[in-house]
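S.K.: One structure, pasted below without further comment.
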Amino acid sequence: MESYICDIVVILAAIVIALRNLRKSYETAEGRLEVLRGINLDLGAGESVALIGESGSGKSTLLHLVACLDRPDSGEIVVGGRDISKLNDRERAAYRRAEVGLVFQQFNLIPSLDVAANLAFHAKLAGRHDSAWENELVERLEIGALLTRYPEQLSTGQQQRVAIGRTLAARPGLVLADEPTGNLDEANGDAVLELMLSLSKGTGSTLLLVTHSQRLADRLDRQVHLRSGKIE
Amino acid sequence: MSVRSIAIAFAVMTITSLSGNQAPSQGFGGLGSAAEGFSVPQPGLPFHFPFDHGAHPDFRIEWWYLTANLEAPDGTQYGAQWTLFRSALAPWENKGWSSPQLWMGHAAVTTSEDHFVAERISRGGVGQAGVVAEPFSAWIDDWQIQGNAVPGADQLANLNLTATAEEFGYELRLLATGPLVPQGDNGYSVKSAKGQASYYYSQPFYSVTGSLSLPTRNVEVTGKAWLDREWSSQPLAEDQTGWEWFSLHLDTGEKLMGFRLRDEGEGFTSATWITADGRPNPLPAGALRIVPVRTAKVAGRQIPVSWNVQIPSRGFDVTTQPLNDQAWMSTSIPYWEGPIAFEGSVSGRGYLEMTGY
Amino acid sequence: MMMWTAATALLSHWRRRPLQLGALLSGLALATALWSGVQAINAEARASYARAAAVLDQDELVNLVSPNGRSIPQAAFVRLRRAGWNVSPVLEGHYRFGATRLRMIGIEPLTMPVETNTVDLGNAGDLLSFISPPGTLVVSPGTAEKIRGQTDLALRVSDQMPDGVAFADIGLAQRLLKRDGELSRIVIAGDQRPGLEPLGMLVPELSVRETNAQSDVEHLTESFHLNLTAFGFLAFVVGLLIVYSTIGLAFEQRRPTFRTLRSLGVSLKVLAVLLIAELVLFALAAGAVGVAIGYLIASLLLPGVAATLEGLYGASVPGTLSLRPEWWVSGFAIAVAGTLVSSAQSLLRLMRVPLLAVAQPQTWGRSSEAGRRFQVLAAAALLSLSGALLLWADGLEAGFGVLGCLLLGASLLLPAVLSGFLTLMQRMSSGALVTWFWADARQQLPGLSFALMALLLALAANIGVGTMVESFRLTFVGWLDQRLAAELYVAARNGDEADRLRAWLATKVESVLPISSVDVEIRGQPMQVFGVVDDPTYREHWPLIVGIPDVWDRVASGEGVLVNEQLWRRERLRIGDKLDLASDWEATVVGVYSDYGNPKGQVMAAINALISHYPQVSRLRYGLRVQPDQVADLRSSLSDEFGLPPDNIVDQAALKEQSRRIFDRTFLVTGALNIFTLGVAALAMFSSLLTLSEMRLPQLAPVWAMGVTRRDLALLELLRTLVLWLATFAAALPLGLALAWVLLAVVNVEAFGWRLPMHIFPYEWVRLGLVALAAGVISVFIPLRRLAGLAPSELLKVLANER
């Protein structure tokens, strides 16, 4: 487990991302489904970009490829100067650990750990645990009362706050969020998104946010529309 | 352990003569043919008493056969039977369990409604069953005939007879009012035209007093009794299937013993006319004629229970009726044995035994 | 039609989860198999005892015996018959045909009561040859095999006969046993005529012995069968734990189906009926397989059991199994009952929980805080009860009660103990992954607790029984060395030969130790009195547990006797107590010796005293002391010069070897059952892990997303399972030792009458640990392979609702 600390390449700077001609397809019962059909996209350092599109347009798949959770069929994903699609399993894990912060719509938290341990988990894994920063996040996210609770004892909104806090506590260069407020009502969702935006600006992270809500997308630096696996 | 097989084994050995062809293996023990080392009755040999009251182990079979016609003070008729059979696997006797002698007892009481039967089996050599000539005693378990005569006197003249079974029992005292009577040719009783024979004597002159215990009552009784003593090694011819055997107390004081051994032909009959003072008159073969009068269904078979008995030479012609049609001895080898009454040229009472049905 | 559709919908669950179905069915089948296998063995043995008892003891019947255990004169029998009593004589004794010693039972077939209904002597002709000289022996096929050629007597073989026993006519028995005119007992038939003179008047010198409800053999072997039953039950409980957890999960997973069916108009009653029908169907299917496997197990084990019973108790049980309908039925019944019991909770929940409650398969099996507290309290109560029984209760049942409470209490306590351990480890760790490792292990605990309890039971039983057996072996071997001190053991064929043998040996050996014994009844118990000469062999070697200082002088003088440990404990004798060994022989207990493997009580007395009180005692067997290097010479001259058959000469080594072999066979069954139980526990672990692995994805996906490779995740899963295994193993060690102590100090004393010192065998633990570890690795292997080979898309599915 110690090796996880050694693997860390400490990158505190925001990351520049370049996607070149990305393609991804899945085998389904009806045959081959082309989800991404040649994506070209550049993200500047510290930029916040909304990825919007209909259901099935390929938003989440694109996010997963950038997060190194999945591999493209072809094309390049250059992050911080490296094509991460060529990395092996171990390097990909190290990349996720050290450079990426992920917020999903659900199942973000580790059920066996309490909120405090969840908050510190990724930062510790990335070797960047910083109690002061963590305390600040707790305060900003207003989750101080929840620290000794377990995920199953939290509301969905509280869970997402903790998930955002955990991601940002690790100060990743790149924050990837997949409908992080999808399970929340509008007011709560807006508040959570607001926090996320301001906090990621504070850490200087690059943010790629998948959403189908134009209203949310409007609050980010830039919007990229995805339709049938292509950028419009 | 199958007690049935024991009883059957015993019965086969003992009473082939009683059962004739009904025995599962008629030739078993070779009774029908050879004597296999056993003594064989010879004519012309007189009885030695009291010695001959006892057992004769060198003969294959032997019995002490007592039947009594009894009457209660109210006139109710009863019959009682007490029989001890001896059967030898080998012609000797010795002490202990290695004795080849086997013993079987039958006891019965007949009323007009019921017929009670019991059976006992025992081995010789250890004292569980046996016969002593003087002072006379014959026993199997707790059934016994005990002689009360002083030494030198007729050992069979004064007897106490007891038998007790689960359902019934009796205690009878028998006093002989006449002498012992040799049957056949001075005790040599021929059983077939081929010459099979036995030693045979009787005491037909007992007067009886005693009591019967029945499931519902105890009864004081008086009456007459008849003892048959017989031993042999090959009493039956091969083709003989059974017999009818009559022992009759005539109201005149005379007695009649007669039997017919059935075979494929006419059968073989034999009879002894005994005068009131005890003199035997053996009748020639064929002198006795018996004809069934009435049959009854007994234990699942048709049995002639009423007979016409004739001895033309003596002007004797009677018809017998049983006290109870159902006097069936449901022993290991079953047979019919019960008290009868007869009317005709003379009346009286007696016992009838029928085997082979 | 709707029923059918609903049933199809319910059953489709299993089609999608064949492994779950497999776990359920195999758990149930194995549980049934071990249970019914053990039952089959017990039933076979008991049927055999009953048969033997019917044949040997004329059960149901009352006997007349001599109160001082001596012979009854035959005249008493005749007296009773002539008084109208329906009685039958019996003479019993031991008789040697060559090397084979048989229990000879002389009976009188003509008076034998009908209800004894024992051995068929065949038809009339067979009966006549049975009672007529030279006579016939009725023996079992096995016995006939042994004595054929050793006797001129006709043999009649009967399947109803127990081994090692011969029926003979009473006359033949009296002749062979040289007891003319003597009887051992008089059987009183059930039906007697009324009005009999009382027995007390007729035979005041005899006493009536009512038949024991149990035969000696049954009583002696009771502990062994209780032992087997306990093991079978343990395995059954372990199997049911699998069934319980699998059914619970399947119900939870099918809650959406239930909801859909209900909303489509299927009533709760119909649903319940369908589910119960489904369970019964499974139970019957698994029961059939289980009973078949049980039969197989039983037929594999039965020869061993038969050997054990023969070696330990002298009880004869056939080595082959017969199919008994009641056993089939009980096998199915226990499968169905077990299934229904272990699904009762799930069915109740189905009835109680509102229709629309959200299904929570991933939290199934997680007990509530209250439930956990209750479990701990129950455990504490059981353990206290165990202690209380240990302190204040007596008897074999109490011994097993101590064991049962101890095992059950400890296994209920296990989840709490493990949880505490894991919490502690989590607190002590600081790294993110390490913390997660412990936390996650703790979280998995409820789902695994049944499997771990099963494992604890199996391991503790293995350690406990293993320690008991090994302690026993160590003690036994040491004791054999002491006890079998003579170099050669010889048996003469008859009294004349024995006299010649003693004279012949006088100049050739250092000492001749006669081995003479009589079977007597002391304090209502059958036992042996041995006669010994005063010889240094005894003074130096005999394994005394307790003895006064001049014990051997007192024995030699004829006034003191030694008793074996069994008799000592059973009768609670003390040094100085008096024993009536014969009507005119009262002796003082001066010492106690250990006497393992002997079910009966035993007394050792000076041989002269024995002979003077029991003149008929057999004096055919001798132990010979010679220099070890002369054994071979003496042996060959005994057979060549003296003419003793080689079968009648046994040397010490062979005897020891034989004893050891019997010992080993004795515990073969226990060992086999141990392994089976461990196997069931491994299956429980496997099915639990498999079940858990289906629920693991939501727990693992975020960790994977945060940068831990699948391989490392799989490795951590393996480690976690092994840690739980090892923690359970560690918990099983003290429990197993406690079990061993109870077995050695409580159960053995009650069951066998001897107490053994406890020895510790750490190497055995290591061996067991390795076996357990291997089983653990195997059980975790398939679930783990599934995890390691998981496609990222599977993990992504958890995290995303869209592609």
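S.K.: Which pairs do you get when a residue that is within 12 Å of chain C (Cβ to nearest Cβ), found in region B:103-122, comes within reach of a residue that is buried (at least 23 other Cβ atoms within 10 Å of the Cβ) and of a type in the set (D, E, K, R), reach meaning Cβ atoms under 6 angstrom, with the pair 6+ apart or on two chains?
M.R.: Close Cβ pairs satisfying both conditions: B:Trp103/B:Arg86; B:Gly105/B:Arg120; B:Arg120/B:Asp141.
S.K.: Can you tell me which residue within region C:550-562, out of those that are closer than 23 Å to C:Pro615 by Cβ and aliphatic (A, V, I, L, M), is surrounded by the fewest Cβ atoms within 10 Å (Cβ to Cβ)?
M.R.: C:Ala556
S.K.: State which residue is farthest from the chain's Cα centre (by Cα) when the search covers only region C:750-786 and only residues that are at pLDDT below 80 and either within 14 Å of another protein chain (Cβ to nearest Cβ) or outside any helix (DSSP H, G or I) (or both).
M.R.: It comes out as C:Pro757.
S.K.: Suppose we filter region A:68-86 for residues that are in a loop (DSSP other than H, G, I, E, B), over 17 Å from the mean Cα position of the chain (by Cα) and surrounded by 15 or more Cβ atoms within 10 Å (Cβ to Cβ); how many remain?
M.R.: Residues flagged as in a loop (DSSP other than H, G, I, E, B), over 17 Å from the mean Cα position of the chain (by Cα) and surrounded by 15 or more Cβ atoms within 10 Å (Cβ to Cβ) within region A:68-86 amount to 1.
S.K.: From C:Ser158, C:Ser184, which residue is hydroxyl-bearing (Ser, Thr, Tyr) and over 25 Å from C:Ile72 (Cβ atoms)?
M.R.: C:Ser158
S.K.: Within region C:383-396, does at least one residue satisfy the condition of being at pLDDT 80 or above, in contact with a helix residue (DSSP H, G or I) (Cβ under 9 Å, 6 or more places away or on another chain), surrounded by fewer than 18 Cβ atoms within 10 Å (Cβ to Cβ) and of a type outside the set (A, V, I, L, M, F, W, C)?
M.R.: yes
S.K.: Further, regarding this structure: Which members of region A:219-232 meet the condition of being in contact (Cβ under 8 Å) with a residue 12 or more places away in the chain and out of contact with any helix residue (DSSP H, G or I) (no Cβ under 8 Å at 6 or more places or on another chain)?
M.R.: Matches in region A:219-232: A:Asp221, A:Arg222, A:Val224, A:His225, A:Arg227, A:Ser228, A:Gly229, A:Lys230, A:Ile231.
S.K.: Here's another thing I want to ask about it. Can you pull out every residue in region B:236-263 that is of a type in the set (S, T, N, Q), surrounded by fewer than 22 Cβ atoms within 10 Å (Cβ to Cβ) and at pLDDT 95 or above?
M.R.: If the condition is that a residue be of a type in the set (S, T, N, Q), surrounded by fewer than 22 Cβ atoms within 10 Å (Cβ to Cβ) and at pLDDT 95 or above, then B:Thr252 is the only one that fits.
S.K.: Restricting to strands (runs of 3 or more DSSP E) lying wholly in region C:128-209: which have 2 or more residues that are under 18 Å from C:Ala75 (Cα atoms) and touching a residue at least 60 places away in the same chain (Cβ under 8 Å)?
M.R.: C:185-188, C:207-209
S.K.: Okay, moving on. Are any residues in region C:695-725 in a helix (DSSP H, G or I) and without any contact (Cβ under 8 Å) to a residue 40 or more places away in the chain, and if so, which ones?
M.R.: Within region C:695-725, C:Asp712, C:Leu715 qualify.
S.K.: Across region B:77-101, what is the total count of residues that are at pLDDT below 95 and more than 22 Å from B:Gln146 (Cβ to Cβ)?
M.R.: Summing the residues that are at pLDDT below 95 and more than 22 Å from B:Gln146 (Cβ to Cβ) in region B:77-101 gives 13.
S.K.: Test of understanding: among C:Asp577, C:Asp595, C:Asp647, which residue is surrounded by fewer than 16 Cβ atoms within 10 Å (Cβ to Cβ) and under 21 Å from C:Gln525 (Cα atoms)?
M.R.: Residue meeting the stated conditions: C:Asp577.
Let's see how each residue does on (1) within 14 Å of another protein chain (Cβ to nearest Cβ); (2) surrounded by 24 or more Cβ atoms within 10 Å (Cβ to Cβ):
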{"residue": "C:Gly420", "(1), (2)": "no, no"}
{"residue": "C:Ser430", "(1), (2)": "yes, no"}
{"residue": "C:Thr435", "(1), (2)": "yes, no"}
{"residue": "C:Met453", "(1), (2)": "no, yes"}
{"residue": "C:Ala460", "(1), (2)": "no, yes"}
{"residue": "C:Ile463", "(1), (2)": "no, yes"}
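S.K.: Say we look at region C:706-732 and pick out the residues that are β-branched (Val, Ile, Thr) and more than 8 Å from chain A (Cβ to nearest Cβ); which of these is surrounded by the fewest Cβ atoms within 10 Å (Cβ to Cβ)?
M.R.: Per the criteria, the residue is C:Val723.
S.K.: Continuing with this model, one more query. Please go through region B:37-72 and pick out each residue that is of a type in the set (Gly, Ala, Ser) and in a loop (DSSP other than H, G, I, E, B).
M.R.: B:Gly37, B:Ser39, B:Gly44, B:Gly54, B:Ala55, B:Ala72
S.K.: Answer yes if at least one residue in region C:566-580 is on the phi > 0 side of the Ramachandran plot and part of a loop (DSSP other than H, G, I, E, B), and no otherwise.
M.R.: Yes - at least one qualifying residue is present in region C:566-580.
S.K.: Listed residues C:Leu321, C:Leu296, C:Leu302, C:Leu309; which is modelled with pLDDT of 80 or more and out of contact with any strand residue (DSSP E or B) (no Cβ under 9 Å at 6 or more places or on another chain)?
M.R.: C:Leu296
S.K.: Take the residues of region B:132-155 that are within 14 Å of another protein chain (Cβ to nearest Cβ), in contact with a Gly (Cβ under 9 Å, 6 or more places away or on another chain) and surrounded by fewer than 20 Cβ atoms within 10 Å (Cβ to Cβ): which is farthest from B:Ser213 (Cα to Cα)?
M.R.: B:Val132
S.K.: If you don't mind, there's one more thing I want to ask. Could you grab the pairs with beta carbons closer than 8 Å, sequence gap of 6+ or different chains, first residue in region C:553-574 and within 27 Å of C:Asn748 (Cβ to Cβ), second one in a helix (DSSP H, G or I)?
M.R.: C:Val561/C:Val555; C:Leu562/C:Val551; C:Leu562/C:Val555; C:Arg569/C:Val749; C:Leu573/C:Leu567
S.K.: Hand me the list of helices (runs of 4 or more DSSP H) wholly inside region A:152-232 holding 3 or more residues that are closer than 14 Å to A:Gly101 by Cβ.
M.R.: In region A:152-232, the matching helices (runs of 4 or more DSSP H) lie at A:156-169, A:186-203.
S.K.: Inspect all residues belonging to region A:133-145 and state whether any of them is more than 8 Å from chain C (Cβ to nearest Cβ), at pLDDT below 90, assigned to a helix (DSSP H, G or I) and crowded, with 20+ Cβ neighbours inside 10 Å.
M.R.: Yes, region A:133-145 contains at least one residue that is more than 8 Å from chain C (Cβ to nearest Cβ), at pLDDT below 90, assigned to a helix (DSSP H, G or I) and crowded, with 20+ Cβ neighbours inside 10 Å.
S.K.: Continuing with this model, one more query. Within region C:4-40, which residues are at pLDDT 80 or above, of a type in the set (Val, Ile, Thr) and surrounded by fewer than 20 Cβ atoms within 10 Å (Cβ to Cβ)?
M.R.: C:Thr8
S.K.: Being touching a strand residue (DSSP E or B) at 6+ places or on another chain (Cβ under 7 Å), touching a residue at least 40 places away in the same chain (Cβ under 8 Å) and either among the small types (Gly, Ala, Ser) or more than 7 Å from every other protein chain (Cβ to nearest Cβ) (or both) is the filter here; which residues of region A:83-109 pass it?
M.R.: Residues satisfying the conditions are A:Glu99, A:Val100, A:Gly101, A:Val103.
The values are calculated or read from the model by the stated rules, or taken from the named source; none is laboratory data. These numbers were taken from a predicted model, which means no experiment stands behind them. Neighbour counts are summed over all protein chains in view; Cβ atoms, including those assigned to glycine, are modelled from backbone coordinates with ideal geometry.
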